[in-house]
Amino acid sequence: MATINKLVASITQPVMTGNHYIPTEKIADFVDSILVVENNDVKKTFSLPLFANGKPTLLFQTTKGTIKNNSNYLTLFGQTIFPDQISFTENFILIAFFFKPFALTTLFGFSAKDLTDNPINLNLIQSKNANLLQEQLLNANTVDEMVAILDDFIFSLTTKIQTDNKLIKYATQLIAEHPSKEILKKAQDELYVTERTFQRMFEDKVGISPNQYRRIAQFNSAFQQLNQQQFKLFSDIAFNNDYADQSHFIRAFKEFTNMTPKGYLKLGKNE
């Protein structure tokens, strides 16, 4: 999900708190990061944007959130390409487990491509386990307890893994760290696979093509630089993230967020 894909990646609303948890060692090979968002002052419909970040996501909320006209407590996201949002009508705690790019197929056993831009209620694909998980989470008393329950659930999935993911793990990490056009050929050559095999591997394990994943990684790097205010001009961000020019960066930003960088920076200032 969102850059909150999944969630996404990134959240920029006022009236709320956000905290990051470090994944425990037992799930660190599959979980990249954990985000907790709390809002105890929801007086009207409250929405969080979901932007691409190249990471499948398991999302839990203490109250039902609405995504694509579907409301539930537990949502599994594949790759998010097109921007979306999740909406709430009452106070909530939201917990997002951002997986490594290759983890979706490994943990849940189906092609990652099936979930690209197609989040699904976890109860529909793991009915028995998901119902128990949901009940435990809704009865938990603290955020730390909720995070621990989700941690144990994901660890239970890892114990059944037999597939070797070393190749796709190496490729996604290499591309995320250096998301230039040249990196795709470098990754393919280092793995000693054909272009077609490389393409199929990404589509099955990650859910999108190698180049689409590279473009999301490139956007996410620029997005983080923008969030951290580490620039004087938008052209600085374009140059630092291997965009051809400022216009190229702005077009890519609009593709993944439906807004310009300038519009994004103004998002919370007028509320």
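The values are calculated or read from the model by the stated rules, or taken from the named source; none is laboratory data. Worth saying up front: this structure is predicted, and the values here are computed from it rather than measured. Positions of Cβ are backbone-derived with ideal geometry, glycine not excepted, and every protein chain shown enters the neighbour counts.
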Which count do you get for residues in the stretch 238-260 that are crowded, with 20+ Cβ neighbours inside 10 Å and over 19 Å from I183 (Cα atoms)?
3
Restricted to the stretch 65-75 and to residues being modelled with pLDDT under 95 and under 23 Å from A140 (Cα atoms), the residue surrounded by the most Cβ atoms within 10 Å (Cβ to Cβ) is G65
Filtering the stretch 207-248 for residues that are over 27 Å from G78 (Cα atoms) and of a type outside the set (A, V, I, L, M, F, W, C) leaves a count of 9
Near pairs, Cβ below 9 angstrom, 6+ apart or cross-chain, from the stretch 256-268 (of a type in the set (V, I, T)) to any residue that is surrounded by 12 or more Cβ atoms within 10 Å (Cβ to Cβ) and assigned to a loop (DSSP other than H, G, I, E, B):
T257/T3; T257/F51; T257/A52; T257/P83
In the stretch 204-218, residue modelled with the lowest pLDDT [restricted to those that are surrounded by fewer than 18 Cβ atoms within 10 Å (Cβ to Cβ) and either part of a helix (DSSP H, G or I) or within 14 Å of the chain's Cα centre (by Cα) (or both)]:
D204
Matching helices (runs of 4 or more DSSP H) fully within the stretch 96-183 where at least 3 residues are surrounded by fewer than 17 Cβ atoms within 10 Å (Cβ to Cβ) and in the same structural domain as I34 (by TED's automatic domain parsing)
127-138, 143-158
Kindly provide the set of residues from the stretch 78-99 that are at pLDDT below 95, touching a strand residue (DSSP E or B) at 6+ places or on another chain (Cβ under 8 Å) and closer than 18 Å to K205 by Cβ, ordered by number.
T80
If I go through the stretch 76-95 residue by residue, how many of them are aromatic (F, W, Y) and either farther than 23 Å from D41 by Cβ or crowded, with 23+ Cβ neighbours inside 10 Å (or both)?
2
